[in-house]
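Below is one structure; the comments refer to it alone.
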Amino acid sequence: MKPVLRTCTAIAMATVFSGQTMAAEALQTLGAGEGQLSIVAWAGYIERGETDTAFDWVTGFEEATGCKVSVKTAATSDEMVALMNEGGFDLVTASGDASLRLVAGNRVQPINTALIPSWSTIDERLQNAAWHTVDGVHYGTPYVWGPNVLMYNTEVFKEAPTSWNVVFEPMDFPDGQPNAGRVQAYDGPIYIADAALYLMSHKPELGITDPYALNEDQYAAALDLLRTQRTLVGRYWHDAFIQIDDFKNEGVAASGSWPFQVNLLAADSPVASVFPEEGVTGWADTTMLHADSKNPNCAYMWMEHSLSPKVQGDVSAWFGTVPSVPAACKGNELLTDEGCANNGYENFDKIRFWRTPTTQCEQGECVPYYRWVSDYIGVIGGR
């Protein structure tokens, strides 16, 4: 999708979000597979061994069910919402800043957990999570989760940085060179929450308690910080592979990132990651079924398949995530028995998971997401 079209669609969908939902009827019985399945997914979430033959959780599913899988990769949550709004897809691996918008816009349908035998194996911390459960109704199946880490070049930082200030504040890096032009920021409105999280520690007088629930003053302070950061950022990233290339070839030394990029880079580049002292944002992704899916039986078969310990462990090993099924943490050759701990299984309560900002919030009235969309576009554009 062209950037302008994606932005306009994102604004339109953000405006739709009001917290009101109309729960459709969930599928009651499972029938024969329709022979095909179309999934909108984050890069690296649906692998069939084409990148690395060791990572393939599609081929076996196709052979067992007869459901041929096609994948449309999306780079941002806004693009996922736009694609689901256009239609023609069955499933989406939606993060928390997209999932409730999809529910409110009636783009996804409730799921019948009784048709997913492995539902009971899901981590109890996720089974009724607010980003896919509305008024007790489930709108998706938890997939995997993880943090937005601070990725850094170990030749520039001989010791791991301890604060997000390396990407937010002008400074010289330990190699004596300025950070201007050598840091990146995420190309998505939800990144405003990262600025708010930083301000929670560095400007406590603002009274921010939730980076996704900001009053006008708190929101203005976050935008001001992002405008300062704009003078430092060499590129706003949303394509994981472009960020990988930038760390390898373009002199980028620090950025918020996903464990996926860290894992791929660490194999042959001087790269590592850290949880800074201010904490991190993160994502818990949900496999959601389109309201107008033409292949619901194959979709339910996939949701069950996605919860198998083998698939959960393989996805987590590949992307650097944490499985939604704790049983995957043991006995997976690719993930290893240390993988869940290494990827942050015990840090669940330390992560501020992505969530769609709404007008009504615990402190009364907050800045809604459509403002985040338009204002972040302005920040990136130098306004």
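To keep it simple, each residue is scored yes or no on (1) small (G, A, S); (2) in a helix (DSSP H, G or I); (3) within 21 Å of V149 (Cβ to Cβ).
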site: L264; (1), (2), (3): no, yes, yes
site: E277; (1), (2), (3): no, no, yes
site: T281; (1), (2), (3): no, no, yes
site: D292; (1), (2), (3): no, no, no
site: D337; (1), (2), (3): no, no, no
site: F348; (1), (2), (3): no, yes, yes
site: P357; (1), (2), (3): no, no, no
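Among the residues of region 84-97, those that are open to solvent by 10 Å² or more (accessible area, probe 1.4 Å) and either in a helix (DSSP H, G or I) or closer than 19 Å to H132 by Cβ (or both) comprise N85, E86, F89. Any chance region 55-63 includes a residue that's open to solvent by 50 Å² or more (accessible area, probe 1.4 Å), on the phi < 0 side of the Ramachandran plot, modelled with pLDDT of 95 or more and not in a helix (DSSP H, G or I)? Yes.
If we keep just the residues of region 248-262 that are assigned to a helix (DSSP H, G or I) and touching a strand residue (DSSP E or B) at 6+ places or on another chain (Cβ under 6 Å), which is nearest to P174 (Cα to Cα)? Break it down into steps so the answer makes sense when it comes.
Start the filter on region 248-262 by keeping residues that are assigned to a helix (DSSP H, G or I), which leaves 248-249, 259-262.
Okay, now just the ones that are also touching a strand residue (DSSP E or B) at 6+ places or on another chain (Cβ under 6 Å), so 259, 262.
Details: P259: 24, V262: 21 Å.
Checked region 248-262; the qualifying residue nearest to P174 (Cα to Cα) is V262.
Taking the numbered list (1) in a helix (DSSP H, G or I); (2) more than 20 Å from M151 (Cβ to Cβ); (3) open to solvent by less than 20 Å² (accessible area, probe 1.4 Å) in turn, T286 passes all entries but (1).
Every residue, every condition in (1) crowded, with 22+ Cβ neighbours inside 10 Å; (2) of a type in the set (S, T, Y), yes or no:
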| residue | (1), (2) |
| --- | --- |
| L307 | yes, no |
| F319 | yes, no |
| D337 | no, no |
| Y345 | no, yes |
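Scanning region 204-215 for residues that are surrounded by 15 or more Cβ atoms within 10 Å (Cβ to Cβ) and over 22 Å from the mean Cα position of the chain (by Cα) yields L206, I208, N215. Taken together, the criteria exclude W145 from residues that are assigned to a helix (DSSP H, G or I) and modelled with pLDDT of 95 or more.
Listed here are the residues, each with its yes/no results for (1) outside the structural domain of L100 (by TED's automatic domain parsing); (2) among the polar types (S, T, N, Q); (3) under 20 Å from H138 (Cβ atoms).
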{"position": "N297", "(1), (2), (3)": "no, yes, yes"}
{"position": "H305", "(1), (2), (3)": "no, no, yes"}
{"position": "K310", "(1), (2), (3)": "no, no, no"}
{"position": "G339", "(1), (2), (3)": "no, no, no"}
{"position": "N343", "(1), (2), (3)": "no, yes, no"}
{"position": "Y370", "(1), (2), (3)": "yes, no, no"}
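Looking at region 314-325, can you tell me whether even one residue there is over 17 Å from the mean Cα position of the chain (by Cα) and within 21 Å of Q261 (Cα to Cα)?
Of all residues in region 314-325, those over 17 Å from the mean Cα position of the chain (by Cα) come to 314, 325.
Okay, now just the ones that are also within 21 Å of Q261 (Cα to Cα), so 314.
There is at least one residue in region 314-325 that is over 17 Å from the mean Cα position of the chain (by Cα) and within 21 Å of Q261 (Cα to Cα).
Could you go through region 276-291 and let me know if any residue there is closer than 30 Å to Q36 by Cβ, in the same structural domain as I116 (by TED's automatic domain parsing), of a type outside the set (S, T, N, Q) and out of contact with any Phe, Trp or Tyr (no Cβ under 9 Å at 6 or more places or on another chain). The answer is yes, given that some residue of region 276-291 is closer than 30 Å to Q36 by Cβ, in the same structural domain as I116 (by TED's automatic domain parsing), of a type outside the set (S, T, N, Q) and out of contact with any Phe, Trp or Tyr (no Cβ under 9 Å at 6 or more places or on another chain).
The values are calculated or read from the model by the stated rules, or taken from the named source; none is laboratory data. Computed from a predicted model, the values in this text were never measured in an experiment. Heads up, the Cβs are rebuilt from the backbone with ideal geometry, glycines too, and the neighbour counts pull from every protein chain shown. Protein only, heavy atoms only, side chains kept; ligands, DNA and RNA dropped before computing areas. Shrake-Rupley method; radii C 1.70, N 1.55, O 1.52, S 1.80 Å.
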